[in-house]
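All of the numbers you see were taken from the coordinates with simple rules; none came from a lab. What you are looking at is a predicted structure, and each value in this text was computed from that prediction instead of being measured. Glycine gets a Cβ as well: all are built from the backbone with ideal geometry, and neighbour counts include every protein chain shown.
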Amino acid sequence: MKNVVAIACLIVFWALNGFAQIPKGVKEIKSKIITGEARWSGTILLRGDVLVAPSGHLQIAPGTRIMFAPNEDKQHSGFDKTRAELIVKGTIFSKGTINRKIVFTSAAKNPRMQDWAGIVILNGKRPAIFEFAVIEYAYNGFDIKKSNPVIQNCQIQFNYNAGVKVAVRSRARLIGNIIRDNGYAGVICETGARPILTDNLITKNQIGIIAFGSASPNLGDLKKGPDYNPGRNALFDNLEYDVYNHASNDINAEGNSWGSKDLNTILAHIYDKQDADRFGAVDFNPIMGNVDLFKKMLLAQQPQTPVTKDTVSTAPVKISKPARSITPSSKSVKTLMPKTPPQEKVTTIDTHRVKEQKTLLAAKPSSQTPKDTATLASATPPATKPESTKTEPQEPKIDYNQVFLDVFLDHKVKVAKEAKPIIDDPARGMYEHGKIVVRIVVGKDGKVEQAKILKGLNYYYDQLALDAAQKFRFVPGTVKGVPVRFSTSILFKF
């Protein structure tokens with residue numbers, strides 16, 4: 001009888017995850033230690049941890065898709081014994097292109113947050129570079145300790161805890177990334193971490209950036225010197241706070257856009273010394289406006305032609321250096337909807353705050369305010385020899401047939417009709433309480449075309465949330481005046 005039950009449970013698990021057999025042409029890796037030089041390309045399925053040893057060099061080719069079997073670790077090793085991880089103690093170059101991104105994702109048919117553990121970087125001063133990659137559905141997208149990787153032009157999304165967790169004196173550089181829709185925080189900084197963030201879009205997380213203990217992230221430091229950082233990050237529409245300073249040090253966050261030029265609006269989404277004396281302050285003066293999202297729109301655009309090469313190679317290679325929420329019954333109904341940052345000039349305001357008196361003070365001009373360089377310049381192809389037939393890949397144009405992120409719409413998402421889950425039998429839901437996140441695709445007519453669970457509770461409540469999400473209606477979205485399909489999230493509280 002026990003065997004029958006076990007088999008039945010296994011069948012249900014595979015059916016729910018849509019992962020019954022390995023697709024043709026996919027290279028399966030149950031567990032591996034890389035001690036020499038290796039190159040990955042094509043489509044790869046990981047069922048266990050892969051460790052890049054201190055002597056190892058891993059190079060990942062553009063267009064590679066690395067899938068992690070959901071909730072599985074064949075060797076029960078690493079930091080998470082139940083989920084596969086990519087652990088880097090050596091050298092890694094994961095460099096895609098804007099047209100051929102490298103994807104780290106779940107192998108489930110219907111992926112969810114925390115299907116796999118994440119990318120752990122523990123390689124000290126060895127090179128670790130990630131460019132034009134997508135990291136999604138992990139516990140932490142990146143978990144970085146005692147290392148200084150460069151993460152540039154990546155999409156880090158749908159991770160259960162954090163998009164990027166930085167700890168133990170790390171000085172990781174995060175440049176030009178989209179860090180959004182992560183369950184707890186976009187970026188977590190701990191134990192002396194000092195990451196440098198420039199030109200990132202950080203939105204739709206529960207908290208945008210949070211610092212603990214002695215951490216001190218550099219979000220923008222306009223003072224000339226070794227710590228100079230122009231900032232130019234866009235932080236807005238994170239559900240609770242854009243920046244939460246729970247650390248003892250002050251945080252420099254100069255030269256950024258906050259989705260508003262109103263002081264009180266910005267203050268409402270920053271937690272620091274003015275809220276609790278034992279924590280450091282957040283210096284966000286001056287404010288930068290006029291953020292052009294065109295470059296991020298191209299970064300988020302999915303390639304029109306999928307990669308068809310499904311091989312993996314371990315031969316040696318030469319490596320160059322390098323929302324609101326919705327609650328059933330009497331509770332409130334909310335949607336996770338972003339506001340497009342206003343098109344405005346650099347603004348300097350006095351950030352002195354007094355709890356008893358939150359009045360807008362006179363602005364002081366700053367000679368150190370940087371010019372806005374967020375606009376994407378047209379790329380000029382390099383000169384080629386007359387006899388050469390090779391051409392450089394052109395930067396993609398906007399594809400209006402794609403599904404756009406809600407943040408890129410001409411106006412914020414507007415709900416025309418809401419729906420609440422109806423709990424007719426609480427016992428079927430085992431009287432659980434918690435949050436369910438549903439990711440939806442809205443058609444050009446404002447109707448919901450697709451709805452998927454990103455973060456669930458149990459089968460009963462998940463189905464109620466999906467049924468309610470399907471009944472929503474939205475004001476049709478446009479990008480540059482063109483009607484488009486878009487994706488957004490709805491948060492249900494049970």
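Candidate cross-link partners of residue 24 among the aspartates and glutamates, defined by an alpha-carbon separation under 13 Å and a same-chain spacing of 8 or more, comprise 310. If one puts a single equal scatterer on every Cα of the stretch 26-300 and applies the Debye formula without solvent, what log₁₀ I(q)/I(0) results at q = 0.11 Å⁻¹? Values returned for q = 0.11 Å⁻¹ are -0.58. Between the beta carbons of residue 427 and residue 109, assuming R0 = 35 Å, the FRET efficiency works out to 0.75 to the nearest 0.05. For residue 452, the aspartates and glutamates whose Cα falls under 12 Å of its own Cα, not counting residues fewer than eight places away in the same chain, are 462, 467. Neighbours of residue 455, meaning other residues whose beta-carbon lies under 14 angstrom from its beta-carbon, give a summed charge of +1 when Lys and Arg score +1 and Asp and Glu score -1.
Cα centroid distance between the stretch 470-494 and the stretch 184-226, in Å? Cα centroid to Cα centroid, the span is 30 Å. Ignoring aspartates and glutamates fewer than eight residues from residue 74 along the same chain, the ones with Cα atoms less than 17 angstrom from its Cα are 28, 49, 85, 115. Of 27/204; 89/273; 397/417; 109/165; 30/145; 295/447, which sit over 30 Å apart, Cα to Cα? With Cα atoms farther than 30 Å apart: 27/204; 89/273; 397/417.
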